Amino acid sequence: MHTATEMNHRQATNGQGSHAGHEGHEGPHGAMMADYRRRFWASLLLTVPVLLLSPMIKAVLGLERVITFPGELYVLWLLSSVIYVYGGWPFLRGLRREMAARAAGMMTLIALAISVAYFYSSAVVFGLAGEVFFWELATLIDVMLLGHWIEMRSVAGASGALEALVKLLPTTAHRLTDGGLEDVSVTALRKGDRLLVRPGEKVPVDGVVVKGRSSLNESMLTGESRPVTRGEGAEVIGGSVNGEGALTVEIRKTGEETYLAQVIELVRQAQGTRSRTQDVANRAAGWLTYIALSVGAATLVSWLVVGYGLEFSLERMVTVMVITCPHALGLAVPLVVAVSTSLAARRGLLIRNRAAFERARDLKAVIFDKTGTLTEGRFGVTDVVALADMGIEEILRLAGSLERSSEHPIARGIVEESARRKIALAPVSEFRNITGQGAEGLVGGRHVMVVSPGYLSESGQRVEDDRLQRLGAEGKTVVYVLWEHTPVGAIALADVVRPESREAIHRLKAMGIQCMMLTGDSQAVARTVAQELHLDDYFAEVLPHQKAEKIREVKRRGLAVAMVGDGVNDAPALVEADLGIAIGAGTEVAIQSADVILVRNDPRDVVAIATLSRATYNKMVQNLLWATGYNVVAIPAAAGLTWALGFLLTPALGAALMSISTVIVAINARLLGRSRRVREEMAA
């Protein structure tokens, strides 16, 4: 199965979002896929009369007297010759490549089987005693063409939906100029241009909101079903659908730099990588080639030696060599890849390296980066401690009212917590930042401060409370709320742990996979997060350049390791791991160091990767066992070893066994998506 290595993929986009080639049929890969499709349908069409004219098929169907005319055998030969030359050409060409590389594989096996069948049957037509194998020749070519076409469609399928998005992008945009508003082609847009995106319109290209606020639907891009709010300074992705408000967007990226273009290119890179199980199938085909040649020759010589005629001995040899190439082997891997690729793409799993994806089945440890992966990367309120006769809600009201005027991350965390609790905030006057130590102002005419512990120490105030000592030991950031210069409360904040992280860790551990964390934060912070998530181990105060060494340390424990990070400073660790997983949507998806990219910013998708990888590999192995196991019975029987038992495998029965094997492989591949565990993970 050399289609993956033969592909040279088209560029992600043409110019600034050109819509050329969205059906995936342009370029070398598209032309090759179209060629297999044409050859398959033409061969299949010619196979119908070949079947009806084949003596064996006519006998089975009782058509000997219905379909008969002078020279019918020559018509059968002529039709089969066209199928052999036209339909079999890709395999004959592949045989030449494999022979040049001195590596017999699937192409060699197929070419050998169809050539032996064709030339032996042609000899029978022109005088040699025996049976023709034309119908086996035709159906074998049909099935192998179908297998290669399915493989090429499957690896192209993941990018097909994304390419369809590009096709749906607007062809024009509303560009703002000094003279007003002008409609221009998307291909004419340049970085720095400003666009007006009206309610209900699609964002033409990636940019930053410079004016306005609206909700955007990014579900077709990131898989996130909920609309996201975007205001001034927020990034927007080309292809997302604007909601209720008008936005002015400044272009930051065009052409191949855009999110969609990068995602499509990543999928194309994945198409260029080969599955380890595909290589197993190819090696199996190589061994079957040698078996077919050696057993075929031995069969011919053996029957001649024991005194049987050339015609009988030759027929036994040909039967062996034709039957050795099972139809099912050509479909064993492509059918599973097709189903698996479709399931992964729908879940937002971008598989850049299919061999690495298969390695996920053996994972024994997953190491997560903390900030932005297990946590949200923002400060959130975890505790509110009353230090005087004042309620927690009132403490938050005073702090939230004051901090509403600040842009500091701690201030935003307090304001967000106040909003979450639906606390009505009061107006503030005489607001002033205390550089590096907090803020102060008048709330309801009374003096309020939110300050750091350092400010209290410098002002000579001391607060003794065991609860605050515990919060400090957990590595949380604590600020104090002062009312008329008296501490009335303390607010503890920390990087907020994602709710999804808890579920992901729980499910991974249920699969027998250890969960660990890697972070540059302090021991106290790391210990708190590790305890909250019940992690098996953690590494704190690790600098970016030390992360790869920590991965090696875990691998030395004998564990197959996956690293999950944001793909920026985690790049060395992602490469060092057995499986590198980049988590995050938007432009971060374009990092080049990961094997698998999770479009949805959701750690639970790591569970989906492990589950789908295990199920995919199991199906591939099952199919390969069915496809090759057939030969364990068919080859000895075809060689005539069962004749002593009163049974001789005829070509017709051998073909029936091939058909049954093919049907089993096809059904088994489709069952991948019906597995209860896979269905649950893909729907999560």
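The values are calculated or read from the model by the stated rules, or taken from the named source; none is laboratory data. All values reported here derive from a predicted model rather than from experimental measurement. Every residue, glycine among them, receives a Cβ derived from its backbone with ideal geometry; neighbour counts consider all protein chains shown. Heavy atoms of the whole protein, side chains included, go into the accessibility calculation; ligands, DNA and RNA do not. Shrake-Rupley method; radii C 1.70, N 1.55, O 1.52, S 1.80 Å.
In terms of the mean number of neighbouring beta-carbon atoms within 10 Å, the peptides 502-509, 613-620 order highest first as 613-620, 502-509.
Among the GluC sites (Glu not before Pro) found in segment 410-470, those both in a DSSP coil and sparsely packed, with 14 or fewer other Cβ atoms within 10 Å of their Cβ, are GLU464. In terms of the mean number of neighbouring beta-carbon atoms within 10 Å, the peptides 337-344, 636-643 order highest first as 337-344, 636-643. Residues whose amide H comes within less than 5 Å of that of ASP595, counting only those at least five positions distant or on another chain, are GLY580, ILE581, ALA582 (H built at 1.01 Å from N in the peptide plane). What FRET efficiency would be calculated for the residue pair THR229, ALA34, taking the C-beta separation as r and a Förster radius of 51 Å, to the nearest 0.05? That gives a FRET efficiency of 0.70. List every residue whose amide H lies under 5 Å from the amide H of VAL366, counting only residues 5 or more places away in sequence or on a different chain, with H placed 1.01 Å from N in the peptide plane. Here GLN514, CYS515, MET516, ALA562 satisfy the definition. Annotation: amide H-H contacts under 5 Å for ARG498 (H modelled 1.01 Å from N, sequence separation of 5 or more, or interchain): THR375, GLU376.
Each residue of segment 373-379 was assigned a 3J(HN,Hα) from its phi angle through the Karplus expression (A = 6.51, B = -1.76, C = 1.60, θ = phi - 60°), giving 10, 7, 10, 7, x, 9, 6 Hz with x at Gly and Pro. Using R0 = 60 Å, the C-beta based FRET efficiency linking ALA355 and ASP178 works out to 0.65. Ordering ILE551, VAL525, ALA490 by the projection of their Cα atoms onto the charge dipole of segment 464-558, which places +1 on the Cβ of Lys and Arg and -1 on the Cβ of Asp and Glu, puts ILE551 at the extreme positive end.
Backbone geometry of segment 414-430 corresponds, through the Karplus equation with coefficients 6.51, -1.76 and 1.60 at θ = phi - 60°, to 3J(HN,Hα) couplings of 5, 5, 5, 5, 4, 5, 4, 8, 6, 8, 6, 8, 9, x, 10, 10, 6 Hz, x marking Gly and Pro. Each residue of segment 115-129 was assigned a 3J(HN,Hα) from its phi angle through the Karplus expression (A = 6.51, B = -1.76, C = 1.60, θ = phi - 60°), giving 5, 4, 4, 5, 6, 5, 5, 5, 5, 5, 4, 9, x, 6, 6 Hz with x at Gly and Pro. Using only Cα atoms, locate the centre of segment 292-312 and the centre of segment 413-440, then give the distance between them in Å, rounded to an integer. About 93 Å separates the Cα centre of segment 292-312 from the one of segment 413-440. Between ALA129 and ALA100, the FRET efficiency estimated from the beta carbon spacing at R0 = 35 angstrom works out to 0.40. Straightening the chain between ARG421 and LYS364 buys 16.4 nm, computed as 0.36 nm per residue apart minus the Cα-Cα spacing. With the simple model of a label 7 Å out from the Cα in the direction of the Cβ, GLU393 to ASN618 spans 5.2 nm.
Ranked by the mean number of other Cβ atoms within 10 Å per residue, highest first, peptides 546-558, 286-298 order as 286-298, 546-558.
Which residues does the label zone of GLN546 cover in segment 511-532, counting backbone N under 12 Å from a point 7 Å along Cα→Cβ? Residues passing the 12 Å test: 519-523. When a 1.4 Å probe is rolled over the protein heavy atoms, the share of accessible surface on segment 371-494 that falls to carbon and sulfur comes to 49 percent. Placing a label point 7 Å from the Cα of PHE312 along the Cα-to-Cβ direction, the residues of segment 104-142 whose backbone N falls under 17 Å from that point are 129-131.
The distance between label points at VAL463 and VAL301 comes to 9.3 nm (points 7 Å beyond Cα on the Cα→Cβ vector).
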